[in-house]
1. May I ask you to list the GluC sites (Glu not before Pro) in region 363-439 that are in a DSSP loop and have at most 16 other Cβ atoms within 10 Å of their Cβ?
2. In the full protein assembly as shown, how much of Leu11 is accessible to a 1.4 Å probe, in Å² to the nearest 10?
3. Sticking to Cα atoms, compute the Rg of region 238-303 to one decimal and its Dmax as the biggest Cα-Cα distance, whole number, in Å.
4. Just to verify a number: FRET efficiency for Leu407 and Val118, C-beta to C-beta distance, R0 = 60 Å, to 0.05?
5. Under a 1.4 angstrom probe, counting protein chains only, how are Val112, Val299, Val391 ranked by accessible area, largest first?
6. Using the Cα atoms of region 6-130, I'd like the radius of gyration and the largest Cα-Cα distance, Dmax, both in angstrom.
7. So for region 179-224, considering every pair of alpha-carbon atoms, how many percent are separated by more than 18 Å?
8. Sort Tyr280, Tyr441, Tyr126, Tyr117 by accessible area with a 1.4 Å probe, largest first.
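The values are calculated or read from the model by the stated rules, or taken from the named source; none is laboratory data. This one's a predicted model, so the numbers in the text were calculated from it and none came from an experiment. Positions of Cβ are generated from backbone atoms using ideal geometry, with glycine treated the same way; all protein chains shown enter the neighbour counts. The area values use the complete protein model at the heavy-atom level, side chains included, leaving out ligands, DNA and RNA. Shrake-Rupley method; radii C 1.70, N 1.55, O 1.52, S 1.80 Å.
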Amino acid sequence: MRELLPAFVWLQEHPAWTLFTLMLMAIHALRNPAHRRDLKSACSQALLVLTLALLVQMQGTWLRLPLPDKWLHELVTLTAGLILIRVWGLLTFHLLLPLFHMRIPQIVADIVVTLAYVGWALYRLYATGLSLGEIVTTSAVLTAIIAFSMQDTLGNLLAGVSIQLDDSISLGDWLMVDSVQGRVVQINWRATTIETRNWETVVIPNSHLLKQRFTVLGRRTGLPVQWRRWIWFDLSLDTLPTQIIALVEHSLRETRLPNVAPWPQPDCLLMNVENGIARYAVRYWLTDLAADDPTDSIVRTLIDAALRRNDRRLTPPIFNVFMTKEKQHQDARHKRHTAERMAVLQQLPLFAMLEEEELLQLADQLKFAPFVNGDVMLAQGELAQWLFVLVKGEAELLIEQEGRTLLLGRLGPGDFFGELSLLTGEPSPFTVRALGTVESYRINQAMFQSLFVARESMLQPLYQALTRRQQEQADLLAREANQPTPPQSRDLFDKLRSLFGVK
């Protein structure tokens, strides 16, 4: 019987290590899907070596391989050792060390594994009977040949080491190289790999990266990662630029938008004036650099909503040569919007008692007020100048109490708010904040009083809405203070009776 190959002998003597290695490979594949490709490649190579080892073991009278037995034995042993080094390199640097919160740069791991390859190869040369002097001489010659023929590769290696040592680029940084932007996902011995927002992977040789200028986006020493973005929009000069700037900045700063840094605060600037058109720019700081376009879209939507609530539009006006057609278009659009508002108002219980002519008058003077997610529709302590009626979407009622924000309830289509200030002159006891996109109509104080205050039939529904919210607020505050709910006062009812002229 032929003597077993060293690889088979090792497997027989160390079954526990073999099973342990296979178990770690399975765990690594489950925990790190990005390395499954490397593990599959190592397994395929191991199967090829195992097949070669079986062929060498079985060769005899019916199977003859074209190489001497000694060479075949050494080839199997050498390749098996190289594969084992590769597998344990993956497991050590990407599974075991990270479990102990030790993150080793990829280029260091590559160098260590490469040195292990070289060491194993030199050891096998020594095991075949070569003297140490012959090995050193051979290695020196090979090193000179490799250094001459692989100048670019060595340049990439040294450049990668330099990048790691001076910490100019780290994993997770966002780079801009020429016109390419992406997040650094790997720095190995040959190249730096970045992934773009377009689901592309760009591989940049380290030597090329070191020779030219690159920009690390969103990084400043000692500060969190954030990147300034610019949003441009145009308006006519019908409104003072200072008013537009104050309006947009107020809306941006009171709304908690996702991925927008609270500091530095977003600001609005007048950048240019030409042909009666003012060009503005909003600047904000992006905290998640992967979400640049979606966050830009959210900011633009917020700007548009804030302007629409104040009867402004992002599109510049049409010039005089088109004035007649534009006027006809505006009239037709106004009639269409009035009909749409009539249909909505007829379905709301608050306006059920109004006649059709009064509904038409109301629909004609309603102001469309859109809001986006996080918009503060009414702030606690603010004196409301409008009655808001929700048409689409939802909003939440919040109370600020001793530095805490308490949820009072939610508003949906058909609900209204702002009536307390219009009826009693008192500031709002709660904050109303939009949940998602909200469409609402708002009624000014003059229209509200002319249509509703003169109607005694409006007393009961308004009183019920006000008392329900006051009771919910009192219950919430009592629960937070762990005290019984105080009895409800009749002052509000008396104020409403006086306002509606009821004795």
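1. On the way: sites: Glu382, Glu394, Glu396, Glu400, Glu402, Glu419, Glu439; in loops: Glu382, Glu402.
When the GluC sites (Glu not before Pro) of region 363-439 are filtered for loop state and at most 16 Cβ neighbours within 10 Å, Glu382, Glu402 remain.
2. Accessible surface of Leu11 is approximately 80 Å².
3. Cα only, region 238-303: 12.6, 38 Å (Rg, Dmax).
4. Values: r = 65 Å, r/R0 = 1.08.
Calculated transfer efficiency: 0.40.
5. Numbers: Val112 70, Val299 0, Val391 30 Å².
Result, largest first: Val112, Val391, Val299.
6. 16.4, 56
7. Working: 352 of 1035 pairs.
Counting pairs separated by more than 18 Å, the tail of P(r) holds 34 percent.
8. Numbers: Tyr280 0, Tyr441 25, Tyr126 135, Tyr117 70 Å².
Largest accessible area first, the list is Tyr126, Tyr117, Tyr441, Tyr280.
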